[in-house]
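For reference, the structure is listed below as structure tokens.
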Number of protein chains: 2
Amino acid sequence: MSERFHFTLHATDGRARTGTIHTPRGDIRTPAFMPVGTAATVKAMLPESVRTTGADILLGNTYHLMLRPGAERIARLGGLHRFMNWDRPILTDSGGFQVMSLAALRKLTEDGVTFSSHIDGSRHLLSPETSMEIQRLLGSDIVMCFDECPALPATEEAVAQSMRLSMRWAQRSRDAFGDRPGHALFGIMQGGVTPELREESAEALKAIGFDGYAIGGLAVGEGQAAMFGVLDYAPGFLPVDKPRYLMGVGKPDDIVGAVQRGVDMMDCVLPSRSGRTGQAWTRRGPVAIKNARHADDPRPLDADCTCPACTGYSRAYLHHVFRAGEMISGMLLTWHNLHYFQELMAGLRAAIAQGRLDDFVADFHALRAQGDIEPL
Amino acid sequence: MSERFHFTLHATDGRARTGTIHTPRGDIRTPAFMPVGTAATVKAMLPESVRTTGADILLGNTYHLMLRPGAERIARLGGLHRFMNWDRPILTDSGGFQVMSLAALRKLTEDGVTFSSHIDGSRHLLSPETSMEIQRLLGSDIVMCFDECPALPATEEAVAQSMRLSMRWAQRSRDAFGDRPGHALFGIMQGGVTPELREESAEALKAIGFDGYAIGGLAVGEGQAAMFGVLDYAPGFLPVDKPRYLMGVGKPDDIVGAVQRGVDMMDCVLPSRSGRTGQAWTRRGPVAIKNARHADDPRPLDADCTCPACTGYSRAYLHHVFRAGEMISGMLLTWHNLHYFQELMAGLRAAIAQGRLDDFVADFHALRAQGDIEPL
């Protein structure tokens, strides 16, 4: 575990980049999509199946894991990798976002956030120091600074105050993280949709110094146009030689647009959550498998897809097991969705490396515009 | 599909037998345990995973499949094997048992059973002729006669009348099945716990002539002692050169006792249903994974088990994901349980072949008597 965490940039195409994040637990090809394993499992998947889709790294949620089964318990059991049977890199969030969206009776102070567990009501404190300690106990490879993500809509003044609190917390996170060879600490840029605040935040983070930089406060309901608006300039405030991580994104077209704007890493529950609710993502856009038009359709979701759902089963079968409430429905659709998302990332990486990203993106949108295959 | 269905007996040990059922879709090693794929899926498993546990054959439920997605639809889609992505043998029950336990507004006549679907209330008829047609549409390799299984407790007179109705239905099933090379039709012995009725039923079935014979009307709440009491004599009424199938059995000790008494095939939802409700079956007996004593236990369910749940995960992890309601809990425990059941069958087959079944059974009971491993 003594190898240094570092990022190698291989090629650029416009603002888009492709590279490799090197970690002691394995390389991460960028642009990378990170499936979310909230409670130490990517829902409906075995970790070896997640790996076969092409995922190099998973995301774990500090908030969920600290409450159940508990970070100390996971540490005693050998860390999160061993606990969940995934030996490749894991990024953990700081808990800052979820404590504000899920916890009850939360109280925000300069020190941090006290809150009640949504599971059993027990009281907890999340602060820069406790978040760093929990992420250390989990054994996370990429640790996120503890930050505050203000609820939208908010005034520019509120966004500014929140951002400056997050920057003070970033310094405290850096101090508490210390020197941990082989492990990385990422700062999180805030500042809403105001370029001056985004730049102020980036300068503050760069002055502290991090192994990577996240773009926070997006994908929280502001819409794609507003998000792309920020991504048109915000990545430019960040160091070229460090990975840039857009948190909580997103739909396939969000991902494509973010990569075009210089993002290197993303995560989202969408492919797994959609899989459990009967929505498949394909090159032709989303498919609602519960729709009656699939009931007699012998064709796969996507004839060109090599995932187990597409090579082994008809739309009629997927429709049937979804309607019957069978677990295999969530298992197969999640597998398909994760496979599709990773295939999309591989396509983006190859296109950037070959300098043909514009063509790739044009084809991406053209196929989606055609929509799903015609009913039988 | 023109190869004949036939049974080869390899060895006996006491009343126990080991052999091979040959079918055009592959061999079935006996004694065989058949996982249940009620609605065209063994719940929480992919079919290729079921196969790796050692299963040679699955069971499908006529009642469920005729109602959803419908037998005609499955036939249009190429049959049940293709529909559910399982190319090895499938046995389908006749619907007779489930129509009496699940359907509403059922009416039993000499012709058959009319009933309302438990899903949408639609009216249906199951009779020897419709059951044979539905099982043909599904493409079942081993078709079961349509029979009536009387609710217990019942008077001997009621059991006798029901058995004689089932024997008339057995003749109608035989007539309706016709000649289908490569496909087998099994008769079902009834007669409750009365030896004379069991013998009368067996004689009636043998006079008609079937490719195999099931022992019906057991595992319906009569208890293990009463079941073994029937199994002490009933298999002896059946032809030596045809497979004997005990329907709906059972727990591991039920299986062992049935095999000792000359049973060749069994099926039960127990390993998959238990897996979804947090109960693991091991060589040391059942383990309730939700029990708090597992919360910090780094050991696998069974250190000697080679299934994915035991080689990749601690009891602490299995406890956590069960408590958190994660799908991987049902996926891993079902896999473990099916693996254990198939391992038990492989052990029984080897012991019979080597003439050491008594020692095997003694070891089986001795290890269970020790109980689960000590808490940490």
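Bear in mind that the values in this text are calculations on the coordinates, not laboratory data. Note that this is a predicted model, so its numbers are computed, not measured. Note that each Cβ is placed from the backbone with ideal geometry, even for glycine, and that neighbours are counted across all protein chains shown.
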#### Entry: Rounded Å value of the spacing that divides the Cα centres of segment B:4-63 and segment B:82-142
21 Å
### Task
Report P(r) for segment A:275-370: all Cα-Cα distances, bin width 10 Å, range 0 to the bin holding the largest distance, values in whole percent.
17, 46, 25, 11, 1
#### Entry: Separation in nanometres of the label points that stand 7 Å from Cα toward Cβ, at A:A346 and B:A11
4.7 nm
### Task
List the equivalent ellipsoid semi-axes of the protein assembly as shown in whole Å, largest first, each obtained as the square root of 5λ for an eigenvalue λ of the Cα gyration tensor.
57, 28, 21
### Message
Only bridges whose two residues both fall in chain B count here: according to DSSP, what percent of them are antiparallel, nearest 5?
### Response
50 percent
## Note on the structure
Taking only Cα atoms of segment A:157-217, the Rg to Rh ratio with Kirkwood Rh works out at 0.99
### Query
Per chain B: cysteines with no other Cys C-beta under 4.7 angstrom?
B:C145, B:C149, B:C268, B:C307
### Task
Quote the charge dipole size of segment B:275-370 about the Cα centre in Debye, to the nearest 20; the model charges only the Cβ of Lys and Arg (+1) and of Asp and Glu (-1).
240 debye
### Message
Calculate the FRET efficiency for B:K206 and B:T52 from the Cβ-Cβ distance with a Förster distance of 45 Å, rounded to the nearest 0.05.
### Response
0.75
### Task
Estimate the FRET efficiency between A:Q171 and A:L125 by the formula 1/(1 + (r/R0)^6), using the beta-carbon distance for r and 22 Å for R0, to the nearest 0.05.
0.75
#### Entry: Positive-end residue, segment A:236-277 charge dipole about Cα centroid, Cβ charges, pick of A:T277, A:P239, A:I255
A:T277
### Message
Give me the dipole magnitude in Debye, nearest 20, for the protein assembly as shown about the Cα centre, with unit charges on the beta carbon: positive for Lys and Arg, negative for Asp and Glu.
### Response
120 debye
#### Entry: Folded to 0 to 90 degrees: helix A:128-138 orientation relative to chain A principal axis, Cα
50 degrees
### Separation of alpha-carbon centers, segment B:326-376 and segment A:337-366, rounded to whole Å
49 Å
## Note on the structure
Expressed in angstrom, Rg and Dmax over the Cα atoms of segment B:6-267 are 17.1, 50
#### Entry: Coordinate range along principal axes, alpha carbons of segment B:209-274, Å, largest first
36, 23, 19
### Message
For chain B, what does the helix formula give at 222 nm: sum of -39500 (n - 2.57) over DSSP H segments with n ≥ 4, over the residue count, nearest 500 deg cm²/dmol?
### Response
-12000 deg cm²/dmol
## Note on the structure
Here the convex hull volume per residue of segment A:168-303, taken over Cα atoms and given in Å³, is 148 Å³
### Query
Using mean Cβ contacts within 10 Å as the protection proxy, how do B:64-75, A:118-129, B:35-46 order, highest first?
B:35-46, B:64-75, A:118-129
### Task
Report the normalised scattering of segment A:234-303 as log10 I(q)/I(0) at q = 0.15, 0.21, 0.24 Å⁻¹, calculated by the Debye formula with identical scatterers on the alpha carbons.
-0.62, -0.91, -1.06
### Summary
Phi angles of segment B:181-191, converted by Karplus (6.51 cos²θ - 1.76 cosθ + 1.60, θ = phi - 60°) into ³J(HN,Hα) in whole Hz with x for Gly and Pro, give x, x, 10, 10, 10, 9, x, 10, 6, 10, x
### Task
Please give the average number of partner chain Cβ atoms lying within 10 Å of the Cβ of each residue in B:44-51, rounded to a whole number.
3
### Task
Work out how far the C-alpha atoms of segment A:1-63 reach from end to end along every principal axis, then list the three figures in whole Å, largest first.
36, 31, 25
### Task
Mind telling me which of B:Q260, B:Q279, B:Q161 comes out most flexible in a GNM of chain B, alpha-carbon contacts under 10 Å?
B:Q161
